[in-house]
Structures are given as C-alpha cells and as structure tokens.
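To keep things clear, I will list the structure first and then write my remarks on it.
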Amino acid sequence: MGEPKELDFLKFQKDKLDALLAGKAPAQLSAVISADRNGGGGSGGVSGGGGEGSSRSGGEGNSSVGVVGGAVNADVNCCGDAAISGCNDVDTGGCGDAAITDSLVDECFAKFNTLISQMGEIRTFMLSLCHGNLDATVPGRRNYLAAPLKELHTQLSSLTWSMEQLAKGHVVSRLYYQGALFESFNSLIDKVASVSNQLETPQNKDNSWEWSVNSWRYHQILSALNNLHIMVLEVAQDGKIVYANRPAREYFGGIEYLARAPKGISSMPTILEDYLAQVSFEGEIGGFPKFREIFDETNNCWYKITSDRVHFSDSHAGYLHMIDNISEWKKHESSLKQTATTDPLTGVYNRGFGLQALEEALYEAKEGTPCCAAFIDMDDLKIINDAHGHTSGDYAIRTVAETLVSSVRDNKDVVCRFGGDEFIVIFKNCTESSAQRAIVRMRNKLSEINEINRMGYDIEFSYGIIQIDGARDNDLQSVIEEMDQIMYKNKAAKKQAVKISKEMEMSRRESITP
C-alpha cells in the first residue's frame, strides 16, 4: 500500500518551500492539508489571501497566521486539525487520521515559520525605505527573498551620497544604474557640468586656463578613468569607498566599505581587499606614496598597487589606490628570466648567471662565509663528436650536466655551463674536502653510466677546484684562471697516467707473445 496522499502532498509543498526560501519562484502554494495530531483541540488556519473561495480558519485557543495586505502575524500552530489553504476552497476534514509523519509535519511548519519571519524582515525593511530611512537594519544574508530590496537599498544609498556631494559643490560622476530615476540624476549631472564649464574664467596672466576641482574638465577626467584598464579607488580613513572607476566597480562589486580579514582567514575578503583596508586603517605607518606587488591566491592574480594620501575638500584625509593586474606581465617576466638564465641544451644555469653567482660567492667569502668553486672540463668531447656524431656529443654534455646537478645540494650549490664542454660548480659555505667528496660522487656516477650503456665511448671529465675565503684576493677573473690552470694540470696528469697504463699493457702483451 502506497503512502497516503496527504504525505505526498506535504512533501510536495515542502519542496516548494525550500525553493521559495532559496530565493527561487516556485508555483503558488495551493491546496489544503488536514492532519489530526492531538485528537482535537481546535484548528489553526494559514491563509495566503487571493484566489477563489476562502480558507478554513480559526478554532478556539489556536493562533492563526495570515499574510494579508502586507501584514504578518504570529507563528503557525500545529494543534489539532491544520487547514492550509491557498487558491481553492477544499475541505479535507475527513483525513484527520492520515498517516503523516510528525517529523515531516514539524519540518514543513518550521519552514513556514522561517518564511513568515523573513517576510517580517522584508516588511520592516520596506517600511523603513518608504520613510526614507537608509540606515535601517538590512535583512540577513540568508534572506534570499530580500535580495532585490537590498540591491535597491545599495542604489538609493549611492544616489543619496552623490546628491550630498553635489550639494557640497563636489564633482560627482554619473551613476551606472538603470531606470528613470538614475537617468534623471545623470541628466542633472550633465547640466551641472555644463553650467560649471560656462562659469570657468581665465586665471593666469597669460590667459591660460586653470581649471578648478569643481569644473566639468575635472568631471571629464573622472569619466576618462573609466576607460583605463587599471582600478582606481578613493577610500576614506574609515574604509568607505568614496570613488571607484569602472574596472574597480567590476572587481569589488557593490561593497561600500573595505574590511580587514579575520586572523587566519585570507579568502574573505580577498588578500587585495585586506591589503587596501590595512593601508586605510594603518596609513600613518610608513611614508607615502607606497608601492607594493602582492599575489592574491584567492584568484591566482598578481597586482601592482600604488597608494597615496589625499585630502578631500572638506579637510578630511583619504587614500588613493591605483591597482594594476600584472599577472600576464609576471608570467612573461618568469619566462624571460628563465630564458635569460638557463642553458637551453642542458637546463642548468648559463654562463652569465654562473658568473653572477660566482661574484656573489666571492663577496660572501670576504664577509666570512667560505666556499669552493670547481672548473669542470669534459674529456675527449671532440673525439666523440667526430666518431659518433654531434647527437652523441650533445647526449654526453647533458649527461655530465645531469650528473653534476644530482650530486650537489638543492637550492644552495650552483651548476652552470661555462662553455661548450666546460662547467663551473659553486659549493656555497663548503670546505674543500667536502667539495672533493662531491666530485668523487660525480665521477663514480659517470663510471656507472658508462658501464651500463656501453656506447663505444666513455663520458669523463677533468676538474680544478679551489677554496675561496676572506684570506685571499678574490678577483673573479683570477679565480677562474686559477681553477682553469689546476684543471689542465689534472687533465695532463690524467692523460699521462692513461698513456703509461697503455704502454704497460702493450709491454705485458708482448712479453707473453711466443
């Protein structure tokens, strides 16, 4: 046996209430629900007015809820038989014993009560607006039914503030809201500006024009700011946004005040809003103008902000912020920086960056932080190129670069390609013995690669390493030349050792030949 019709109908009306409380516009609530909950005790009526016929209402000792002519009364009472009527006169008194669950009935009436409470907020707010009171308490943020009224309140507040500024003789920009009211206001602004233009007179002896702050020329400047891609904000010391150009209005929406983010929360308001509020509330700390680049992780954007202190005509101080979204520029900057400092073949730093890093290491050594530098030169790269091709030569160069990088400390030591087959490794805050151990690791790794790949040639290098400290004259060129000389001595000794080894091997073979 299926669920009672009353339960299906109550669930259906509950869904409508959910949609209505969410600010949507479902079909009109209509029908009659009758539920015998306590076996008697009168009946309560909820009447929505309108429609044909009339609703059942009213027993003794029970409250009635009516929304008639804009008045809101009491809460829904669930004692006895409940009659909820909308459009039609339907009598369901015979369904008092229907199996409607108490929890669903309670939830439905709770939503009715919430709706009634929100409509009460709306009515109070509407009455305040009708009496011209813009300081009235605005309905809560979960009162979605009040959204159009709150938008109207924002528009009226903007219009009121602009009229007050105009009455003080200040320049006021056109308001970008729709409707006859704002069209009339903008027409008034245009006429005031036209009169202001006609009243301007030459001020200087050479008859050149000197425009006052109340002139239409100044108004034209404000209008031109709307065509900029940067955001322009004028903020009072209490955080009130006095002026915002079009890009700023698009970003900040309808907010009237900048607010600091609570500690530990950076997503509401945004990091950008939080910084601007900080300047407004703590502006006296530090000098002006202030320049700052910030990354707002809430929208993954970089902003360049210029903030300056200004004074309004009423002698109050405020702040002018010019905000430029430099995210694309930052991307290009990062790409250019990487291109400018990276060797395209190996991915390690290039010669220019390496020399700069070496100079910094020399300076740190003079300040008391010792370091080591090694000059690396590949062995027999020309033979590899000639015998196996330049593709094999490039592979050998990349292999050496990867081996060097994997053998040093991340984010501390520096590996750069100095020339075709030459590299420089800078070991920061390191002794020569520690650097020597790192070189041994590099050569061992290459030996393993040679053993595994067996490409018909071996990838090897020779090196020269020196300790750099404050006790020596740390000239950049002399340091490079000293490393190079040590490297060539080691390379010559290595070749001599290989030559002697080969001669000894040949003598051994000849001695055992019959």
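The values are calculated or read from the model by the stated rules, or taken from the named source; none is laboratory data. Quantities reported herein were computed from a predicted structural model and do not represent experimental measurements. As a convention, Cβ positions derive from the backbone with ideal geometry for all residues, glycine included, and neighbour counts pool all protein chains shown. These area figures cover heavy atoms from the full protein model, side chains too; ligands, DNA and RNA do not enter into them. Shrake-Rupley method; radii C 1.70, N 1.55, O 1.52, S 1.80 Å.
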Residue list for the range 405-431, filter: surrounded by 16 or more Cβ atoms within 10 Å (Cβ to Cβ) and part of a helix (DSSP H, G or I):
V405
Across the range 311-337, the tally of residues that are in a strand (DSSP E or B) and surrounded by fewer than 15 Cβ atoms within 10 Å (Cβ to Cβ) stands at 2
The listed residue being over 27 Å from K495 (Cβ atoms) and touching a Gly at 6+ places or on another chain (Cβ under 7 Å), out of A365, A361
A365
Report, by residue number, each residue of the range 365-385 that is under 43 Å from the mean Cα position of the chain (by Cα) and among the polar types (S, T, N, Q).
T369
Is there a residue being among the β-branched types (V, I, T) and in contact (Cβ under 8 Å) with a residue 60 or more places away in the chain anywhere in the range 342-349?
yes
Only unsatisfied item for T160, checking (1) touching a residue at least 12 places away in the same chain (Cβ under 8 Å); (2) closer than 23 Å to V192 by Cβ; (3) buried (at least 16 other Cβ atoms within 10 Å of the Cβ), is (3)
Restricting to the range 172-193, give me the number of residues that are touching a residue at least 40 places away in the same chain (Cβ under 8 Å) and open to solvent by 70 Å² or more (accessible area, probe 1.4 Å).
2
Might you let me know whether the range 474-486 holds any residue that is more than 46 Å from the chain's Cα centre (by Cα), more than 28 Å from L362 (Cα to Cα) and assigned to a helix (DSSP H, G or I)?
no
Kindly indicate the residue of the range 280-309 that is at pLDDT 80 or above and open to solvent by less than 30 Å² (accessible area, probe 1.4 Å) and also farthest from D238 (Cα to Cα) among those meeting that condition.
C301
Cβ pairs under 7 Å, 6+ apart, first in the range 239-261 and polar (S, T, N, Q), second modelled with pLDDT of 80 or more and surrounded by fewer than 17 Cβ atoms within 10 Å (Cβ to Cβ)
N245/L228
Looking at the range 124-177 only, could you name the residues that are under 30 Å from the mean Cα position of the chain (by Cα), of a type in the set (F, W, Y) and over 21 Å from F252 (Cβ atoms)?
Y144
Exactly one of (1) under 19 Å from the mean Cα position of the chain (by Cα); (2) modelled with pLDDT of 75 or more; (3) of a type in the set (K, R) is unmet by R260. Its number?
(2)
Exception for L149 within (1) open to solvent by 40 Å² or more (accessible area, probe 1.4 Å); (2) without any contact (Cβ under 8 Å) to a residue 60 or more places away in the chain falls at (1)
Can you find, within the range 433-448, the residue that is nearest to D413 (Cα to Cα) among those that are within 46 Å of the chain's Cα centre (by Cα) and open to solvent by 10 Å² or more (accessible area, probe 1.4 Å)?
S434
Residues of the range 113-144 satisfying the condition of being part of a helix (DSSP H, G or I), under 25 Å from Q178 (Cα atoms) and open to solvent by 50 Å² or more (accessible area, probe 1.4 Å)
R123, M126, L127, C130, Y144
Here the residues within the range 218-257 that are in a helix (DSSP H, G or I), loosely packed, with under 12 Cβ neighbours inside 10 Å and modelled with pLDDT of 80 or more are E250
Test: A340 is modelled with pLDDT of 90 or more, farther than 30 Å from Y251 by Cα and assigned to a helix (DSSP H, G or I):
no
Can you say whether I449 is closer than 22 Å to Y395 by Cα, touching a residue at least 40 places away in the same chain (Cβ under 8 Å) and either aliphatic (A, V, I, L, M) or not in a helix (DSSP H, G or I) (or both), as far as the supplied structure shows?
yes
Residue among F427, F423 that alone is free of Cβ contacts under 8 Å to residues at least 60 places away in the same chain and under 47 Å from the mean Cα position of the chain (by Cα)
F427
For the structure I just gave you, tell me whether E402 is in a helix (DSSP H, G or I), more than 18 Å from D484 (Cβ to Cβ) and charged (D, E, K, R).
yes
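Per-residue answers, yes or no, for (1) at pLDDT 95 or above; (2) surrounded by fewer than 13 Cβ atoms within 10 Å (Cβ to Cβ); (3) in contact with a helix residue (DSSP H, G or I) (Cβ under 6 Å, 6 or more places away or on another chain):
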{"position": "N453", "(1), (2), (3)": "no, no, no"}
{"position": "D458", "(1), (2), (3)": "no, no, yes"}
{"position": "Q477", "(1), (2), (3)": "no, yes, no"}
{"position": "I480", "(1), (2), (3)": "no, no, no"}
{"position": "A493", "(1), (2), (3)": "no, yes, no"}
{"position": "K502", "(1), (2), (3)": "no, yes, no"}
From the list F353, F295, F291, which residue is outside any loop (DSSP other than H, G, I, E, B) and closer than 30 Å to S433 by Cβ?
F353
Out of all the residues in the range 386-394, is one or more of a type outside the set (S, T, Y), open to solvent by less than 10 Å² (accessible area, probe 1.4 Å), under 48 Å from the mean Cα position of the chain (by Cα) and within 30 Å of E367 (Cα to Cα)?
no
